[in-house]
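Values quoted throughout were computed directly from the atomic coordinates according to the rules given, and no laboratory measurement underlies them. Keep in mind that what you see is a predicted model, and the values were worked out from it rather than measured. Cβ sites come from the backbone with ideal geometry, for glycine too, and all protein chains shown count toward neighbours.
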Amino acid sequence: MGIFTSFKGLFSAPSVDKVQTASGSDQNVSVLVAKTKSYCVKCRAKREMLNPVQTTLKNGRKATRGVCPVCGTTMFRIGG
């Protein structure tokens, strides 16, 4: 079960001092403080991510994963 599978309908931000970890993966995960915009494929619109979490991909690039505030779909942005 992924981190964002049960966030549809839950729109509370995580606390800043709490670090979320991806269970069963080798990715480096930390909580972001800054607001991040990304494109939602389901809504077909650019929206601000809910609960943005910065991850590091296998090749060392930074990426951000979050939830769309309108439809609850997982959003993903590669780079910063």
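Highest average first, the peptides 37-43, 60-66 ordered by how many other beta carbon atoms sit within 10 Å of their residues are 60-66, 37-43. The 3J(HN,Hα) values that the Karplus relation (6.51, -1.76, 1.60; θ = phi - 60°) gives for the stretch 54-62 are, in residue order, 7, 10, 10, 6, 4, 7, x, 6, 7 Hz. Gly and Pro appear as x.
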